[in-house]
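Q: So that we are looking at the same thing, I have put the structure below in structure tokens.
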Amino acid sequence: MARKFFVGGNFKMNGSQKAIKVIVDDLNNAKLDGSNEVVIAPPALYLTQVRDTIQAPVEVAAQNAYFKNSGAFTGEISPEQIKDAGIPWVILGHSERRSLFGDTEEVVADKVKAALDQGLKVIACIGETLEEREKGVTNDVCQKQLGAIAKVLEEKDWANIVVAYEPVWAIGTGKVATKDQAQEVHADLRKWLASTVSQSVADATRIIYGGSVNGKNCGDLGAAADIDGFLVGGASLKPEFIDIARTKK
Ligand code: G2H
């Protein structure tokens with residue numbers, strides 16, 4: 001089954017009303033043809049600005065959500081609120097959330113489940129550190145992180161999940177994984193999905209790559225058999241994001 005190429009733009013904690021308007025105007029003017037699925041994730045404060053101004057086929061994602069729908073959780077936003085605001089997607093388990101804000105594997109799994117239960121679609125991020133890669137435990141780490149999520153899901157939930165493999169050593173460093181390095185992990189993850197969940201989920205689930213993707217390396221990376229798209233950070237704030245969004249498989 002053909003997997004639709006997916007390009008996400010993760011603005012992280014960057015942008016202003018003015019700067020985000022420029023990005024949205026550029027995307028609208030690009031008149032993307034919908035052959036790739038394109039989703040942008042501004043900071044929470046600007047979600048409704050982007051929702052009100054971005055044109056199809058581009059969609060909007062939150063960068064995080066809590067696992068409760070309401071209550072005394074100062075500073076958090078809930079899946080129910082994201083849904084209520086008309087935002088269809090949420091990024092969960094990004095390595096910056098895991099390393100800087102204490103999102104454990106269990107917390108990420110709870111967040112994924114809560115988001116799916118609200119009908120949101122999830123970009124679920126996993127990835128190893130440099131130390132883990134050098135120790136040769138990349139697959140163990142990635143499969144354990146994805147395993148924690150898989151444990152709380154039913155088979156049908158996978159239809160609303162995009163898995164983002166983001167090696168921590170490649171994030172924001174300019175050190176992109178080679179096509180072969182990324183392809184190897186993606187292929188192993190797909191095999192793991194086939195043996196742990198089902199062959200049909202393995203065949204249908206998009207596994208996207210994140211970590212220093214830019215307008216120059218997207219064509220090469222995107223040609224790998226098991227790379228079904230990208231999660232783009234720094235370059236999503238620049239005009240080259242349009243070139244990445246147009247990557248041809
Ligand atoms: C990885 C990626 C976006 P960047 O975090 O999720 O960021 O492209 O800046 O490495």
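The values are calculated or read from the model by the stated rules, or taken from the named source; none is laboratory data. Just so it is clear, the structure is predicted and the values come from calculations on it, not from any experiment. We place every Cβ from the backbone using ideal geometry, glycine too, and count neighbours over all the protein chains shown.
Q: Would you pick out the residues in region 1-34 that are part of a loop (DSSP other than H, G, I, E, B) and in contact with a Lys or Arg (Cβ under 8 Å, 6 or more places away or on another chain)?
A: Answer for region 1-34, where residues must be part of a loop (DSSP other than H, G, I, E, B) and in contact with a Lys or Arg (Cβ under 8 Å, 6 or more places away or on another chain): Arg3, Lys4, Phe5, Leu32.
Q: Separate question: Search region 210-223 for residues that are over 12 Å from Phe241 (Cα atoms) and pair each with any residue that is of a type in the set (D, E, K, R) and within 8 Å of the ligand (Cβ to nearest atom) when their beta-carbon atoms are under 9 Å apart and the residues are at least 6 apart or on different chains.
A: Close Cβ pairs satisfying both conditions: Gly210/Glu166; Gly211/Glu166.
Q: Which one is surrounded by the fewest Cβ atoms within 10 Å (Cβ to Cβ), of the residues in region 53-71 that are of a type outside the set (D, E, K, R) and not in a loop (DSSP other than H, G, I, E, B)?
A: Thr53
Q: Looking at Leu116 and the list (1) assigned to a helix (DSSP H, G or I); (2) crowded, with 22+ Cβ neighbours inside 10 Å; (3) within 16 Å of the ligand (Cβ to nearest atom); (4) not β-branched (Val, Ile, Thr), which single condition is not satisfied?
A: Condition (3) is where Leu116 drops out.
Q: If you check Glu96, Glu128, which single one turns out to be within 16 Å of the ligand (Cβ to nearest atom), of a type outside the set (Phe, Trp, Tyr) and touching a Ser or Thr at 6+ places or on another chain (Cβ under 6 Å)?
A: Being within 16 Å of the ligand (Cβ to nearest atom), of a type outside the set (Phe, Trp, Tyr) and touching a Ser or Thr at 6+ places or on another chain (Cβ under 6 Å) holds for just one of Glu96, Glu128, which is Glu128.
Q: For the condition at pLDDT below 95, near the ligand (Cβ under 10 Å from one of its atoms) and closer than 27 Å to Leu116 by Cα, what is the one hit in Ile171, Ile208? Quick ask: steps written out before the conclusion?
A: Values: Ile208 fails: at pLDDT below 95.
Only one candidate qualifies: Ile171.
Q: Another question, if that's okay. For region 84-106, what are the residues that are buried (at least 18 other Cβ atoms within 10 Å of the Cβ) and either of a type in the set (Ser, Thr, Tyr) or assigned to a helix (DSSP H, G or I) (or both)?
A: If the condition is that a residue be buried (at least 18 other Cβ atoms within 10 Å of the Cβ) and either of a type in the set (Ser, Thr, Tyr) or assigned to a helix (DSSP H, G or I) (or both), then Ser95, Glu96, Arg97, Arg98 are the ones that fit.
Q: Need at least 1 residues that are over 16 Å from the mean Cα position of the chain (by Cα) and within 20 Å of Ser95 (Cα to Cα) per element, so show me which helices (runs of 4 or more DSSP H) inside region 131-249 make the cut, counting only ones lying wholly within it.
A: Correct list: 138-151, 179-196.
Q: Let me ask you something else. In the set Lys121, Lys179, which member is closer than 19 Å to Leu221 by Cα and among the basic types (Lys, Arg)?
A: Lys179
Q: A follow-up question, please. Can you name every residue in region 174-198 that is within 15 Å of the ligand (Cβ to nearest atom) and among the aliphatic types (A, V, I, L, M)?
A: Of everything in region 174-198, those that are within 15 Å of the ligand (Cβ to nearest atom) and among the aliphatic types (A, V, I, L, M) turn out to be Val176, Ala177, Ala182, Val185.
Q: So, of the residues in region 4-52 that are farther than 26 Å from Asn217 by Cα and exposed (fewer than 14 other Cβ atoms within 10 Å of the Cβ), which turns out to be nearest to the chain's Cα centre (by Cα)?
A: Applying the filter and picking the extreme gives Leu45.
Q: State which residue pairs qualify: first residue on the phi > 0 side of the Ramachandran plot and inside region 224-249, second residue within 15 Å of the ligand (Cβ to nearest atom) and β-branched (Val, Ile, Thr) in any location, beta carbons under 7 Å apart, and separation of 6 or more residues or different chains.
A: Gly229/Val7; Gly229/Ile208
Q: In addition: What residue, among those in region 223-249 that are crowded, with 18+ Cβ neighbours inside 10 Å and under 17 Å from Thr205 (Cβ atoms), is nearest to the ligand (Cβ to nearest atom)?
A: Here the answer is Leu231.
Q: Condition (residue is in contact with a Ser or Thr (Cβ under 6 Å, 6 or more places away or on another chain) and over 17 Å from Arg97 (Cβ atoms)) applied to region 133-144: is it met by at least one residue? Quick ask: steps written out before the conclusion?
A: Start the filter on region 133-144 by keeping residues that are in contact with a Ser or Thr (Cβ under 6 Å, 6 or more places away or on another chain), which leaves none.
No, region 133-144 contains no residue that is in contact with a Ser or Thr (Cβ under 6 Å, 6 or more places away or on another chain) and over 17 Å from Arg97 (Cβ atoms).
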